[in-house]
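Heads up: the structure comes next, in structure tokens.
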Amino acid sequence: MNKNYSLENLTEVASELISSVGNKNLLFYGQMGVGKTTLIKEICNQIGVLDPISSPTFSLVNEYQTSKNKKVFHFDFYRIEAEEEALDLGIEEYFDTGDWCLIEWPENIENLLPLGAVQIHLTILEDEQRNIQLK
């Protein structure tokens, strides 16, 4: 998947992303303000999250419940100072649950990332457009 999008077609992009990934560990890369949290909110809406969705900037992880009684874990490692903080959080146990793990700022825990995780690279283009690339 490599495409340009805007907020108007965010629903379509999130749907395509969900159907194209074979792994539920998603790593979101991109500069501040590129729309990582906005895309994650739409993904959560489409997989049936019932809880209010917000960035876990200070708590590091938010846990959401879905309509199918599944869990979704949303991580934000922007403010993390050392990978040990993620280890103390039990990050590896989250990855092993088989539930969705949506990770913002994964580059800050690079040595702890699960094998096979899907990298999602977002960039800002002109005219409020974004580009999304899956790797």
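The values are calculated or read from the model by the stated rules, or taken from the named source; none is laboratory data. Note that the structure is predicted; figures quoted are calculated from it, not measured. Virtual Cβ from ideal backbone geometry, glycine too; neighbours counted across all protein chains shown. Keep in mind that these areas ignore ligands, DNA and RNA; they rest on the heavy atoms of the full protein, side chains included. Shrake-Rupley method; radii C 1.70, N 1.55, O 1.52, S 1.80 Å.
Tabulated values for the structure
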| quantity | calculated |
| --- | --- |
| Per residue, in Å², the accessible surface of the chain once ligands and nucleic acids are set aside, probe 1.4 Å | 54 Å² |
| 14 Å beta-carbon shell around Phe58, net charge (K/R +1, D/E -1) | -3 |
| Label zone at Glu12, where the point sits 7 Å out along the Cα-to-Cβ direction: region 110-135 residues whose backbone N lies under 17 Å | 128-133 |
| Label assignment, mean projected area of the Cα convex hull in nm² derived from the structure, set (i) 8.8; (ii) 9.6; (iii) 7.7 | (iii) |
| Cα shape, region 87-126, gyration tensor, a/c 1.5 rule | prolate |
| Cα long-axis angle, helix 36-46 against the chain (0 to 90 degrees, to the nearest 10) | 90 degrees |
| Two-decimal ratio, region 51-112, of alpha-carbon radius of gyration to 2.2 N^0.38 Å | 1.09 |
| Degrees separating the helix 10-20 axis from the principal Cα axis of the chain, which is the longest one | 60 degrees |
